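The structure appears below as structure tokens.
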Amino acid sequence: MREINLDDKIFMKRALFLAKKGNWRTSPNPMVGAVIVKNGRVISEGYHKKAGLPHAEAEAIMNAKESLNDATLYVTLEPCCHTDKRTPPCTEAIIKSGIKKVVVGMKDPNPKVSGRGIEILKNHGIKVVEGVLEEEVKKLNEFYIKYITTNIPFVILKIAMTLDGKIATPLGESKWITSEKSRKFVHLMRSRVDALLSAYGTVLKDNPMFTARIKGGKNPLRVIIDPELKIPLSYHVYNPPPVTIAVVHEKNVNNEKIKYLIDRGVEVLFFSSEKVNLKWLMEELGKRNITSLMIEGGSSLNSYALWSGIVDKVMIFIAPKIIGGVKSYPSVGGINYKTLDKAFEIKDLRIKKLGQDILIEGYLRG
């Protein structure tokens, strides 16, 4: 196994720190950071701020105030080499700069790059070291990796529940199961994803805004499953901004509400099946460059999402409360169930304390 020296890890850590400054605003591009080192000292840095703006490598090169001859570039993701985008290839800028060594966190899974950027650099006499802090880089860009390799968004299922697995009382009371600290964390997550998915039942009950109410946060696009157009036009989700996509059954195509919604700036997406196919919906959202999505719904939508196989990651907030009651709403409802030997399994579990609440997050196995 190839050993990675300590300096490479230190400078790549710095590049990762810079990448995170992109603050999930680079979609559909990845978050990337770059550090240029010469004679053991950092002489320039850069990170990708937003799609359409210079990539991290190009920004670091532009920011340099001295010669880059014989310098080393540390970059979290393989430099791009294609022209099918709004910015020029970073490989060209690196070759022209005089940089003689490039340390890469991970290969770019984009089929238009995927090793070609590294090969081009090597063909021009530049030494390339790969795989430094690769797992950390992959974690940072898990949204991008899923999207660029499948053309469908990375999906997070978010659930807030009591210790006994309830998300609401029999009367639908759910405000607030979890603490303010947990709710603030949810707003942070909203600001990181491209879209939120919910359904008419949750919207009718709570009239949520589905916005990220944190300083400097971006609001996600709202995707609302409303087959029969039951949500009143006065509700928050039908009053952009932020942008809303209403998912409606095609039998309502001539409903007078449709024209009103479109005139208001709501996009209407029609489906023809008896029940909306969530895999189809994810494909449609992928066509709109939505790389990540968080589900904030009720028992039925949580169940349907799991059984549809669209969920990549779960984030379950557990409050130290017990509601009880057979008619209270469970976190995952529906009539379908799995036997214990075939239950949905979660891997790579992480547990975090948020005030008195516990956040459990992990990935759907398979």
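The values are calculated or read from the model by the stated rules, or taken from the named source; none is laboratory data. In this text the structure is predicted, and so the values were computed from the model without any measurement. Because the Cβ atoms are built from the backbone with ideal geometry, glycine has one as well, and the counts that use them run over all protein chains shown. Remember, those area values only see protein heavy atoms, side chains included, never the ligands or the DNA or RNA. Shrake-Rupley method; radii C 1.70, N 1.55, O 1.52, S 1.80 Å.
Things to note:
- Going by accessible surface with a 1.4 Å probe and the largest first, ASP341, ASP108 read ASP341, ASP108.
- Counting only protein heavy atoms and using a 1.4 Å probe, the accessible area of TRP307 comes to about 100 Å².
- Every Cα-Cα pair in the range 62-196 was counted, and those over 17 Å apart are 70% of them.
- With every protein chain in place and a 1.4 angstrom probe, the accessible-area ranking of LYS215, LYS338, LYS20, largest first, reads LYS215, LYS20, LYS338.
- Cβ-defined net charge surrounding SER331, 11 Å radius [Lys, Arg +1; Asp, Glu -1]: +1
- Positive-end residue of SER97, GLY125, ILE156, charge dipole of the range 70-169 with Cβ unit charges: SER97
- Cα-derived Rg over Rh, computed across the range 168-222 with Rh taken as Kirkwood radius: 0.99
- Around the amide H of ARG222, modelled in the peptide plane, lie the amide H atoms of LEU196, VAL243, THR244, ILE245, all under 5 Å away and 5 or more residues distant in sequence or on another chain.
- Neighbourhood charge, 14 Å Cβ-Cβ cut-off, centred on TYR235 and excluding it, Lys, Arg +1 and Asp, Glu -1: +3
- Charge dipole (Cα centre; +1 on Lys/Arg Cβ, -1 on Asp/Glu Cβ; no other charges) of the chain amounts to roughly 720 debye.
- Mean accessible surface per residue for the chain, computed with a 1.4 Å probe while every protein chain stays in place, in Å²: 50 Å²
- q = 0.17 Å⁻¹: log10 I(q)/I(0) that the Debye formula gives for the range 211-281, counting C-alpha atoms only: -0.63
- Estimated distance in nm for a label pair at SER234 and ASP164, the labels positioned 7 Å out from Cα along Cα-to-Cβ: 3.7 nm
- Over the Cα atoms of the range 267-366, the radius of gyration divided by the Kirkwood radius equals 0.99; this is the Rg/Rh ratio.
- Each Lys and Arg adds +1 at its Cβ and each Asp and Glu adds -1 at its Cβ; summed about the Cα centre, the range 197-268 shows a dipole of about 320 debye.
- Antiparallel %, DSSP beta bridges [both residues in the chain], to 5: 40 percent
- Within the chain, helix-based [θ] at 222 nm, where runs of 4 or more DSSP H residues each add -39,500 (n - 2.57), nearest 500: -8000 deg cm²/dmol
- Beta bridges by DSSP in the range 1-154, antiparallel share as percent, to the nearest 5: 55 percent
- Listed pairs LYS13/LYS50; LYS230/LYS251; LYS218/LYS257; LYS50/LYS352 exceeding 19 Å between Cα atoms: LYS13/LYS50; LYS218/LYS257; LYS50/LYS352
- Euclidean distance of C-alpha centroids, the range 2-60 and the range 101-127, integer Å: 15 Å
- The largest-to-smallest principal axis extents of the Cα set in the range 191-350 are 49, 41, 34 Å.
- Mean projected area of the Cα convex hull of the chain, taken over all directions, amounts to 21.2 nm².
- Sorted largest first, extent of the range 147-278 alpha carbons per principal axis (Å): 44, 40, 28
- Computed on protein heavy atoms with a 1.4 Å probe, the accessible areas place SER292, SER97 in the order SER97, SER292, largest first.
- Size of charge dipole - the range 190-347 - debye, nearest 20, with Cβ of Lys, Arg +1 and Asp, Glu -1, no other charges: 480 debye
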